[in-house]
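See structure below.
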Amino acid sequence: MDSDQSIILDVTPGDAGFDTSFLEPLGHPVLVCHGPDMGTACPILKDTCSMVENAHGVVFQLDLDRPQHRAILKRYKEVIADDVPIWASVQPGQDDQYADLLEGIDVVIGEPGPADLDGFAARVEASDRTR
């Protein structure tokens, strides 16, 4: 990967995830993390994660109704630099239920579409320019 490219981390369950073919031609390689396996802890909760450390932006799509997933997002907010955008795709109602956790994060209700991804890519690029 070219070091000038803005790496986006897609944190999404199972085989899900957004279409990387939209972002990668724009110079945004996408790393995908499917979160921890059931019954195991995510490495970021214990220490650190190289994917998170290298990310220029994070798209978080894990289920906030699961306590470990909320803990992961909370940890991201603690360890990721303030100028690295975090974007959460949540289910309807989760934006209100977890409003405190989602404070300072861009939130999209439901599945992200091309316009959402384009807007997030623009935020990542703007953040990179100011770094």
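Observations on the structure shown:
- Any hit, the stretch 35-45, residues being surrounded by 13 or more Cβ atoms within 10 Å (Cβ to Cβ) and under 18 Å from residue 116 (Cα atoms): no
- Residues of the stretch 33-66 satisfying the condition of being within 18 Å of residue 95 (Cβ to Cβ) and either in contact with a helix residue (DSSP H, G or I) (Cβ under 8 Å, 6 or more places away or on another chain) or at pLDDT 90 or above (or both): 58, 59, 60, 62, 63, 64, 65, 66
- Checked across the stretch 85-95, the condition of being crowded, with 20+ Cβ neighbours inside 10 Å and part of a loop (DSSP other than H, G, I, E, B) holds for at least one residue.
- Every residue from the stretch 52-76 that is within 22 Å of residue 130 (Cα to Cα) and surrounded by fewer than 17 Cβ atoms within 10 Å (Cβ to Cβ): 53, 54
- Enumeration of residues in the stretch 96-115 that are closer than 19 Å to residue 13 by Cα, part of a helix (DSSP H, G or I) and of a type in the set (D, E, K, R): none
- For the residues 61, 68, the requirement of being more than 14 Å from the chain's Cα centre (by Cα) and touching a residue at least 12 places away in the same chain (Cβ under 8 Å) singles out 68.
- Selection count where residues are under 23 Å from residue 75 (Cα atoms) and in a helix (DSSP H, G or I), scope the stretch 118-131: 6
- Restricting the first member to the stretch 108-131 and to residues that are free of Cβ contacts under 8 Å to residues at least 40 places away in the same chain, and the second to residues that are of a type in the set (S, T, N, Q), the beta-carbon pairs closer than 6 Å and six or more apart or on different chains are 108/89.
- Only residues that are in a helix (DSSP H, G or I), more than 14 Å from residue 11 (Cα to Cα) and of a type outside the set (D, E, K, R) were counted across the stretch 70-84, and they come to 1.
- The selection criterion, being in contact with a helix residue (DSSP H, G or I) (Cβ under 7 Å, 6 or more places away or on another chain) and of a type in the set (Lys, Arg), does not hold for residue 129.
- If you go through the stretch 85-99 and keep only what is without any contact (Cβ under 8 Å) to a residue 12 or more places away in the chain and of a type in the set (D, E, K, R), you end up with just 96.
The values are calculated or read from the model by the stated rules, or taken from the named source; none is laboratory data. This structure is a prediction, so every number in the text was calculated from the model and none was measured. Note: ideal-geometry Cβ built from the backbone for every residue, glycine included; neighbour counts use all protein chains shown.
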